[in-house]
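**Student:** Below are the structure tokens for one structure; questions will follow.
The values are calculated or read from the model by the stated rules, or taken from the named source; none is laboratory data. Just so we're clear, the structure is a prediction, and the values are computed from it rather than from any experiment. Here Cβ is always computed from backbone atoms with ideal geometry, including for glycine, and neighbour counts include all displayed protein chains.
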Amino acid sequence: MTGFVALDDVSHVYGGTGGTLAVEGLSLHVNRGEFAAVVGPSGCGKSTLMKLATGLQFPFRGTVQVAGERVTKPVKIAGMAFQAPTLLPWRNTLENLLLPLEIVEPHRSRLSAHKAEYVARAKNLLTSVGLRDQGDKFPWELSGGMQQRTSLCRALIHEPDLLMLDEPFGALDAFTREELWGVIRDLHAARKITVVLVTHDLREAVFLADRIFVMSARPGRVLTERVVDIPRPRDLEVTFTPAFTAIVQELREHIVRARQ
Amino acid sequence: MSKTPLAIRLAPWIATIALIAVWELAVDLFKIPQFFLPSPWAVGKAIVEYWPALYRNSLFTLSTTLVGFALAVGFGLLLGLAVGWSRAINAGIYPLMIGFNAIPKVAVVPILVLWFGIGFVPAVLTAFLISFFPIVVNVATGLATIEPELEDVLKALGASKLDIMRKVGIPRALPYFFGSLKVAITLAFVGSVISESVASNTGIGNLMLQAQAQFQVPLIFAGLVALAVEGIVMYALMAMLEARMTGWAQRSGFAQG
Ligand SMILES: Nc1ncnc2c1ncn2[C@@H]1O[C@H](COP(=O)(O)OP(=O)(O)OP(=O)(O)O)[C@@H](O)[C@H]1O
Ligand SMILES: [Mg+2]
């Protein structure tokens, strides 16, 4: 069985032969609509995995498939968000959100004729992440958390089938982070989108994901998969239950071992 | 933007007046002869006395500078875009450009005279040659320093290189470009004056050379003052243009090169 995102026995080297072996023999399958989390020691190749899955890098061995097709160029269907919000400072929030629509077809050719429709969509999205009426603010007028929400919205505006999040909440304080967990959880539930989330926060992984992949130290490969069987919808309260803590503890042991 | 305090607004005037006062006092106190260092008063008198010549030659210098500068802006922008666009073009052209920039432009003037005669054309070309380099470097830097993560976000959407340049590269290169104009315009003046003082019958550079030959030291200084005034005015214009065109960069604390 192949998943919606499928990496099979993938190895990747940065900087040509003799360069850094980032991942080796990495296999990972994520089903359509699934929320997958990837955890592992720092530098183990998690960001590399994201780049391979979106066609920003190509493996020297193994195959990468997305939506049943071999990835040979950037995938076009992915929304991405990173730890840094990377908003354009010369555009206000709303204009920042419209950026992907200026690139992705069919929106690209429809945008100027159906501007109002797209602006309404952007405003809805902003409202859904608690940024109602912030559309005309510029990025530097927003707090870090608000910028990160905007960055998430930008990743979602073209309604991608695949959402790739690389430590999107890494730079935020604990309260804002937990608030955004709720935002992501609801977006995933509402849109049935496939999500791959890279994180260092094990609680975050367990709270959000259906399945968690634990990676080894560099060169990275998948050590274990852990299905999170906590029923949805999940509330923040769930993070205080023994079942939740047990999974977090189990993952922590895997990572401690992986680091050795 | 908040209002600038009075002290800050007055500071440039106070500093200028203080400099003139110290200069005047020093000349009087140490009895410095006029043919060595004329007092500001003597320079002022020379400005009034030779006003028509100063005015005419200043206009000439200003015109050669501006034409050379305009060429530098056009050419610098194009070359900067090319260098920022392609790593291969960058690798090929950069060493050439650095080598070229290292050549003292005064050494190039005789060649220009050989090709184009004296006067307007070599002055324009010297101004151009000396001032395009910072524009190229700045535009290329603006393009080359796009955050890799932002580039990834756009590429994963299927953006072409042209898309990335249009949506991100060029807007973010603009503050670098407008910032470089301030440097380029002052360099263009240097170029014009160099060429005029070697190979021209007009222009402030030529005026100062003639004044020197006739020991009219106050007139030399009057020429310097004229250049300084033109330089300050053009610099201020470029700074205003910069603030107008890329206000977002200043308000957001965008990194400037
Ligand atoms: N562009 C690059 N050029 C060369 N080496 C790279 C590059 N990007 C990553 N690497 C190397 O590949 C390895 C994996 O990097 P990667 O960024 O995928 O790790 P990561 O798991 O995302 O780490 P972190 O948790 O710290 O973000 C590291 O050893 C890194 O030094
Ligand atoms: Mg990483």
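**Student:** Look at B:I204 and say whether it is surrounded by fewer than 24 Cβ atoms within 10 Å (Cβ to Cβ), over 30 Å from A:P100 (Cβ atoms), within 20 Å of the chain's Cα centre (by Cα) and away from chain A (no Cβ under 14 Å).
**Tutor:** Judged against the criteria, B:I204 is not a match.
**Student:** Further question on the same structure: Please state which one of A:G130, A:G145 is surrounded by fewer than 17 Cβ atoms within 10 Å (Cβ to Cβ) and modelled with pLDDT under 90.
**Tutor:** A:G130
**Student:** Applying the selection to the stretch A:88-98, what residues are among the hydrophobic types (A, V, I, L, M, F, W, C), surrounded by fewer than 23 Cβ atoms within 10 Å (Cβ to Cβ) and more than 9 Å from every other protein chain (Cβ to nearest Cβ)?
**Tutor:** We begin by selecting, within the stretch A:88-98, every residue among the hydrophobic types (A, V, I, L, M, F, W, C); these are A:88, A:90, A:94, A:97-98.
Keeping just the survivors that are surrounded by fewer than 23 Cβ atoms within 10 Å (Cβ to Cβ) gives A:88, A:90, A:94, A:98.
A:L94, A:L98, listed by residue number.
**Student:** Moving on to the next point. Which pairs have Cβ atoms under 6 Å, sit 6 or more apart or on different chains, and link a residue in the stretch A:124-148 that is under 17 Å from A:G170 (Cα atoms) to one that is not in a loop (DSSP other than H, G, I, E, B)?
**Tutor:** Cβ pairs passing all conditions: A:G145/A:T176; A:Q147/A:P139.
**Student:** Tell me which helices (runs of 4 or more DSSP H) are completely within the stretch B:95-172 and hold 1 or more residues being within 14 Å of another protein chain (Cβ to nearest Cβ), or say none if there are none.
**Tutor:** B:120-144, B:148-155, B:161-164
**Student:** Can you tell me which residues in the stretch A:70-87 are more than 7 Å from chain B (Cβ to nearest Cβ) and among the hydrophobic types (A, V, I, L, M, F, W, C)?
**Tutor:** Hits for the stretch A:70-87 are A:V71, A:I77, A:A81, A:L87.
**Student:** How many residues does the stretch A:154-168 hold that are within 16 Å of ligand 1 (Cβ to nearest atom) and in a loop (DSSP other than H, G, I, E, B)?
**Tutor:** Of the residues in that region, 2 qualify.
**Student:** Restricting attention to the stretch A:99-118, does a residue exist that is in contact with a Ser or Thr (Cβ under 7 Å, 6 or more places away or on another chain), without any contact (Cβ under 8 Å) to a residue 60 or more places away in the chain and either of a type in the set (S, T, Y) or away from every other protein chain (no Cβ under 14 Å) (or both)?
**Tutor:** no
**Student:** Scanning for something away from ligand 1 (no atom under 16 Å from the Cβ), under 21 Å from A:A209 (Cα atoms) and not aliphatic (A, V, I, L, M), does the stretch A:9-17 turn up at least one residue?
**Tutor:** No, every residue in the stretch A:9-17 fails to be away from ligand 1 (no atom under 16 Å from the Cβ), under 21 Å from A:A209 (Cα atoms) and not aliphatic (A, V, I, L, M).
**Student:** Report yes if A:L26 is more than 9 Å from ligand 1 (Cβ to nearest atom) and more than 15 Å from the chain's Cα centre (by Cα), otherwise no.
**Tutor:** Criteria met by A:L26.
**Student:** May I pose another question? Does any residue of the stretch B:164-186 turn out to be over 25 Å from the mean Cα position of the chain (by Cα) and of a type in the set (D, E, K, R)?
**Tutor:** The answer is yes; a qualifying residue exists.
**Student:** Another question, if that's okay. Taking the stated definitions as given, is B:Y55 without any contact (Cβ under 8 Å) to a residue 24 or more places away in the chain, surrounded by 14 or more Cβ atoms within 10 Å (Cβ to Cβ) and either assigned to a helix (DSSP H, G or I) or of a type outside the set (S, T, N, Q) (or both)?
**Tutor:** Answer is no for this residue.
**Student:** Kindly establish whether A:R121 is assigned to a helix (DSSP H, G or I), crowded, with 21+ Cβ neighbours inside 10 Å and outside the structural domain of A:D186 (by TED's automatic domain parsing). Before the answer, list the steps.
**Tutor:** Details: assigned to a helix (DSSP H, G or I): yes; crowded, with 21+ Cβ neighbours inside 10 Å: no; outside the structural domain of A:D186 (by TED's automatic domain parsing): yes.
Against the criterion (assigned to a helix (DSSP H, G or I), crowded, with 21+ Cβ neighbours inside 10 Å and outside the structural domain of A:D186 (by TED's automatic domain parsing)), A:R121 does not qualify.
Quick grid of which residues meet (1) of a type in the set (F, W, Y); (2) assigned to a helix (DSSP H, G or I); (3) away from ligand 1 (no atom under 16 Å from the Cβ):
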| position | (1), (2), (3) |
| --- | --- |
| A:F175 | yes, yes, yes |
| A:L180 | no, yes, yes |
| A:L197 | no, no, no |
| A:A205 | no, yes, no |
| A:V214 | no, no, no |
| A:E225 | no, no, yes |
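**Student:** Moving to a separate point now. Among B:G44, B:G76, which is among the small types (G, A, S), within 29 Å of B:I130 (Cβ to Cβ) and surrounded by 11 or more Cβ atoms within 10 Å (Cβ to Cβ)?
**Tutor:** None of the other options fit; the residue is B:G76.
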